[in-house]
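All of the numbers you see were taken from the coordinates with simple rules; none came from a lab. Note that this is a predicted model, so its numbers are computed, not measured. Glycine gets a Cβ as well: all are built from the backbone with ideal geometry, and neighbour counts include every protein chain shown.
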Amino acid sequence: MAGDDAPDPVARAAALHGLVREAAPEGDRDRHLPARVARAMAEAGLYRLAIPTSLGGLGADPATQIRVIETISMADGAAGWNLMIGIETSSLVAFAPDCAEELYRDPAAILCGSTATFGQATVGEGGVRVRGRWPFASGCHNATWFSGLCQIGEPSDGAIGWAIVPMVDATIHDTWKTTGMRGSGSHDVELADVFVPEVRVIRAQQSLRASADEELSPLVRIPIGSRLAYNKTGVALGIARAAIDSFVELARSKTPRFSGTTLRERSFAHVALGTAEAELGAARAFVFEQVGALWDRATRGDIIPPELRARLQIACSHAVEASARAVTEVHRAAGTDANRAGTVLERSLRDVLVVGQHLTVARPLIEDAARMLLGLDATSMILRDMGR
């Protein structure tokens, strides 16, 4: 992992831009991130952004996390998605310092995980036995550890938590056959009666509520639902930025068929570019405004109020939608060149739409967050159960 005297995390991410972009077509073809990209991000310490410094991480604030993910996503949205999942999954382990010590002893450790379904963890002596199959385990091909959300004990106990298991004990099922975000490698992961020692079982009570571990970092004071939302925006914002930049490059050289002027001289191109820049810039500013307010509260040790959680969720879900609109604007204005397989514009449109379908930033959460601003209870798990 990069040392303390290394460049800041955003600069580290920018230094990998060439490698990530060059490998993007390979990931899209093979339906998982090339190992050399995951390894380079691990060596740069990027997966450890949200881990407290006391546990060997960078302890980066939310705005820095978003910028790093955004930077990688500008080169390849799928790589940015893999990084985002690794950052989020690693941050959960910070609530269990003994577990974190074991996992992060290896500087090349990479975590993947899935909250898309529940596994079953049967309580026994010294730990639990876990079985289950989890879809959407992005980055599983390059991960060293897997984190699966589980029902711990009988359903009547109402206990849930995460079981952390070495990937060598897991089976990857080839199920990620999609058009968008192909390179994320979000295949199914199965555990078949695997014993997990108690030190690697992170119960929800440890992470959904502030505890004695909160001295580790202000990051642990941020509700999990908020953390699962704001880093998704980094992926969408990065994809949209890449699409806009690609359009500008194309417009400078392309002369549309049956036209005597270049694309950059056409009024519809001006409207599309201006609209896309406005959509992206405004949405991005709203996200950074809200994560700044969130971080101020967390560093002061304050409880995060429902109104702030609601506005942050609105900002995140809106930013993902705005990113998709921005990509659509320039994709449409680019003409048929944008449909050529393997181009930045073609892949950007496929990938950005997938981000908006994730349950942590999906459009219905805007409505649910607005309920909170009106003093009503949230109905979604993200804002209700993971908003504590």
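Helix-only estimate, please: 222 nm mean residue ellipticity of the chain, summing -39500 (n - 2.57) across DSSP H runs of length 4 or more and dividing by its residues, to the nearest 500.
-16000 deg cm²/dmol
Pop a pseudo-label 7 angstrom from the Cα along the beta-carbon direction at both L374 and A35 and give the gap in nm to one decimal.
5.4
Suppose R0 equals 30 Å. What FRET efficiency, 1/(1 + (r/R0)^6) with r the Cβ-Cβ distance, do F195 and D106 give to the nearest 0.05?
0.90
Specify whether the C-alpha gyration tensor of the chain places it in the rounded, prolate or oblate class, a ≥ b ≥ c being the square roots of the eigenvalues: rounded for a/c under 1.5, otherwise prolate if a/b is larger than b/c and oblate if not.
prolate
What full-extension length gain, to one decimal in nm, is calculated for A15 and R384 as 0.36 nm per residue of separation minus the Cα-Cα distance?
Here the segment from A15 to R384 would lengthen by 129.0 nm.
Would you kindly state how much longer the chain becomes between T175 and H270 on full extension, computed as 0.36 nm times their sequence separation minus their alpha carbon distance, in nm to one decimal?
Stretched fully, the T175-H270 segment lengthens by 30.1 nm.
What FRET efficiency do you get for D157 and D245 if R0 is 35 Å and r is their Cβ-Cβ distance, rounded to the nearest 0.05? Walk me through the numbers before you get to the answer.
Working: r = 52 Å, r/R0 = 1.48.
Plugging the Cβ-Cβ distance into 1/(1 + (r/R0)^6) gives 0.10.
Give the separation of the Cα centroids, the stretch 71-136 to the stretch 1-63, in Å.
16
Based on DSSP, what percent of beta bridges with both residues in the chain are antiparallel, to the nearest 5? All intermediate terms of the calculation are to be shown ahead of the outcome.
On the way: 27 of 34 bridges.
In the chain, DSSP labels about 80 percent of beta bridges as antiparallel.
If the viscosity is 0.890 mPa s and the temperature 25 °C, what Stokes-Einstein diffusion coefficient in µm²/s follows for the stretch 111-206 when Rh is the Kirkwood radius over Cα pairs?
In µm²/s, the coefficient rounds to 184.
Of N231, N82, N339, which has the largest mean-square fluctuation in a 10 Å C-alpha GNM of the chain?
Per the Cα network of the chain with a 10 Å cutoff, N339 tops the list.
At a Förster radius of 30 Å, what calculated FRET efficiency corresponds to the Cβ-Cβ distance of R340 and A63, to the nearest 0.05?
Efficiency, rounded to the nearest 0.05: 0.25.
Looking at the chain as a GNM with Cα springs under 10 Å, which of L373, L280, L33 has the largest mean-square fluctuation?
Looking only at L373, L280, L33, the largest GNM fluctuation is found for L373.
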